[in-house]
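> First, the structure itself, so that you have it in front of you.
The values are calculated or read from the model by the stated rules, or taken from the named source; none is laboratory data. Note that the coordinates shown come from a computational prediction; the quantities given were computed from them, not determined experimentally. Here the Cβ positions follow ideal geometry from the backbone for every residue, glycine too, while neighbour counts run over all protein chains shown.
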Amino acid sequence: MNAEFMLAFEALGKEKGIAPEILFDAIEAALISAYKRNFSSAQNVRVSLDRETGEIHVYARKTIVEQVEDDRLEISLADARKINPGYMEEDILEIEVTPRDFGRIAAQTAKQVVVQRIREAERGIIYEEFSNRSSDILTGIIQRIEQKNVFIDLGKTEAVLPPTEQMIGEEYALGNRVKTYIIEVKKTSKGPQIMVSRTHPGLLKRLFELEVPEIHDGTVEIKSVAREPGMRSKIAVFSRDEEVDSVGACVGPKGMRVQTIVDELRGEKIDIVKWDADPAVYISNALSPAKVVSVEVDEVNKISKVVVPDYQLSLAIGKEGQNARLAAKLTGWKIDIKSESQAAEAVED
């Protein structure tokens, strides 16, 4: 191989984002296999590839011993000292054994190795890139749908949106752009496998972080998220700056910020509530849009008893218990809701 050949390898490595040294090391390893396959399968050899000139030298590595049992792997101490009197037993002696026509074989081998290593390195780079982005949002284009799995083109690679992570009733059309949440990145023989979700609570959290500058800069903090994907969600927020309204910041001017997220989630309703260090206040806020009369809390068992006006009972519980269920998920408290009439009856009993 000549110097131009080596420069081409180096340029290709840089273009693909692979350190040239990795390519050269791989070529040397492959040349060892090529030498053994074509010339001597038993010898222990080392291949040296000059990074500038492209010159290749093959050296047989032999262990220096007192009594030789296999002359392909060993050399006697007496013979070694004829080469260099300083050699000692158990030292490794290298003798050049480069075949005359090894250059042609080397060039073919190098090409094969470079193609293979570029593929492997590209997969490794992609894996590192996306494994470091775990719990982040990806935007891609729906490429194909196979056995209900949606494959999303990310440019360098693709992500898989399995049926279990798809929102109920959401349609996925080829060519559509979609935002998803990374839940897992695995190494496989075919390259990195990126599993994404449209149902994970983290998707809602990251959408707010992207859409609301006050969350991005740390002024407003998301304390908790509860989702029933495609149906309704609740998000609890807190402001570190008393002059900043945490709920208002998330809603945005004329509701534009939250509406953008609702549109991305195909109409999923989102309740934004104010987090509070007082569990009673927090639970009351979490049951929004229902109004709460009183909240009793058992902090040991994390159970709360909530009283709401009679006309607000169905709103507090929600359709099929959804509002109460989401409030319980959001706060981490068990919530027992009663109307004022039911509470009064319980006291009388």
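> Within the stretch 298-310, is even one residue under 35 Å from the mean Cα position of the chain (by Cα), of a type in the set (A, V, I, L, M) and surrounded by 13 or more Cβ atoms within 10 Å (Cβ to Cβ)?
Scanning the stretch 298-310, I find no residue that is under 35 Å from the mean Cα position of the chain (by Cα), of a type in the set (A, V, I, L, M) and surrounded by 13 or more Cβ atoms within 10 Å (Cβ to Cβ), so the answer is no.
> Further question: Picking from 98, 199, 139, which residue would you name as being polar (S, T, N, Q), in contact (Cβ under 8 Å) with a residue 40 or more places away in the chain and within 17 Å of residue 266 (Cα to Cα)? Give the derivation first.
Working: 98 fails: within 17 Å of residue 266 (Cα to Cα); 199 fails: in contact (Cβ under 8 Å) with a residue 40 or more places away in the chain.
Checking each option against the conditions leaves just 139.
> What tally of residues in the stretch 107-124 results from selecting those that are polar (S, T, N, Q) and more than 14 Å from residue 29 (Cβ to Cβ)?
So the count comes out to 1.
> Could you pull out the residue among 233, 284 that is in contact with a helix residue (DSSP H, G or I) (Cβ under 7 Å, 6 or more places away or on another chain), closer than 17 Å to residue 329 by Cα and of a type in the set (Gly, Ala, Ser)? Before the answer, list the steps.
Numbers: 284 fails: in contact with a helix residue (DSSP H, G or I) (Cβ under 7 Å, 6 or more places away or on another chain).
On inspection, the qualifying residue turns out to be 233.
> At least 2 residues that are in contact with a His (Cβ under 9 Å, 6 or more places away or on another chain) and either surrounded by 14 or more Cβ atoms within 10 Å (Cβ to Cβ) or outside the structural domain of residue 123 (by TED's automatic domain parsing) (or both) in each: list the strands (runs of 3 or more DSSP E) lying fully within the stretch 1-112 that qualify.
45-49
> Then there is this: With respect to residue 316, determine if the residue is in contact with a strand residue (DSSP E or B) (Cβ under 6 Å, 6 or more places away or on another chain), part of a helix (DSSP H, G or I), farther than 28 Å from residue 177 by Cα and among the small types (Gly, Ala, Ser). First the steps, then the outcome.
Details: in contact with a strand residue (DSSP E or B) (Cβ under 6 Å, 6 or more places away or on another chain): yes; part of a helix (DSSP H, G or I): yes; farther than 28 Å from residue 177 by Cα: yes; among the small types (Gly, Ala, Ser): yes.
So residue 316 passes the test.
> Got a sec? Which of 255, 248 is free of Cβ contacts under 8 Å to residues at least 24 places away in the same chain and more than 29 Å from residue 141 (Cα to Cα)? Don't jump to the end; show me each part of the working.
Numbers: 255 fails: more than 29 Å from residue 141 (Cα to Cα).
The unique qualifying residue is 248.
To keep it simple, each residue is scored yes or no on (1) assigned by TED's automatic domain parsing to the domain that holds residue 180; (2) outside any loop (DSSP other than H, G, I, E, B); (3) under 24 Å from residue 168 (Cα atoms); (4) out of contact with any Phe, Trp or Tyr (no Cβ under 8 Å at 6 or more places or on another chain).
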| position | (1), (2), (3), (4) |
| --- | --- |
| 283 | no, yes, no, no |
| 305 | no, yes, no, yes |
| 320 | no, yes, yes, yes |
| 329 | no, yes, yes, yes |
| 346 | no, yes, no, yes |
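> Which pairs have Cβ atoms under 6 Å, sit 6 or more apart or on different chains, and link a residue in the stretch 52-78 that is within 21 Å of residue 36 (Cβ to Cβ) to one that is surrounded by 18 or more Cβ atoms within 10 Å (Cβ to Cβ) and aromatic (Phe, Trp, Tyr)?
Note: pairs meeting the criteria are 58/35.
> Is it the case that residue 191 is in contact with an Asp or Glu (Cβ under 9 Å, 6 or more places away or on another chain), crowded, with 16+ Cβ neighbours inside 10 Å and under 24 Å from residue 288 (Cβ atoms)?
Details: in contact with an Asp or Glu (Cβ under 9 Å, 6 or more places away or on another chain): yes; crowded, with 16+ Cβ neighbours inside 10 Å: yes; under 24 Å from residue 288 (Cβ atoms): no.
Criteria not met by residue 191.
> While we're looking at this one, here's another question. For the stretch 263-277, what are the residues that are in contact with a helix residue (DSSP H, G or I) (Cβ under 9 Å, 6 or more places away or on another chain) and outside any strand (DSSP E or B)? Talk me through it step by step, then tell me what you get.
Let us first name the residues in the stretch 263-277 that are in contact with a helix residue (DSSP H, G or I) (Cβ under 9 Å, 6 or more places away or on another chain), namely 264-265, 268-276.
Across the stretch 263-277, the qualifying residues are 264, 265, 268, 275, 276.
> Can you tell me which residue in the stretch 23-54 is nearest to the chain's Cα centre (by Cα), limited to those that are among the acidic types (Asp, Glu) and modelled with pLDDT of 80 or more?
Looking only at the stretch 23-54, we keep the residues that are among the acidic types (Asp, Glu), and these are 25, 28, 50, 52.
Narrowing further to those that are modelled with pLDDT of 80 or more: 25, 28, 50.
Working: 25: 29, 28: 33, 50: 38 Å.
Per the criteria, the residue is 25.
> Can you name the residue in the stretch 239-286 that is over 23 Å from residue 209 (Cα atoms) and buried (at least 19 other Cβ atoms within 10 Å of the Cβ) and, of all such residues, is farthest from the chain's Cα centre (by Cα)?
Residues of the stretch 239-286 that are over 23 Å from residue 209 (Cα atoms), as a first pass: 278-281, 283-284.
Add one more test, that the residue is buried (at least 19 other Cβ atoms within 10 Å of the Cβ), and what stays is 283-284.
Working: 283: 34, 284: 37 Å.
Looking at the filtered set, the residue picked out is 284.
> So, one more: Exactly one of these conditions fails for residue 107: (1) small (Gly, Ala, Ser); (2) closer than 30 Å to residue 14 by Cβ; (3) in contact with a strand residue (DSSP E or B) (Cβ under 7 Å, 6 or more places away or on another chain). Give me its number.
If we test residue 107 against (1) small (Gly, Ala, Ser); (2) closer than 30 Å to residue 14 by Cβ; (3) in contact with a strand residue (DSSP E or B) (Cβ under 7 Å, 6 or more places away or on another chain), just (3) comes out false.
> Go through (1) hydroxyl-bearing (Ser, Thr, Tyr); (2) under 30 Å from residue 195 (Cβ atoms); (3) modelled with pLDDT of 85 or more and name the single condition residue 134 misses.
Residue 134 satisfies every listed condition except (3).
> Taking residue 170 as the residue in question, decide whether it is charged (D, E, K, R) and in a loop (DSSP other than H, G, I, E, B). Give the derivation first.
Values: charged (D, E, K, R): yes; in a loop (DSSP other than H, G, I, E, B): yes.
In short, yes.
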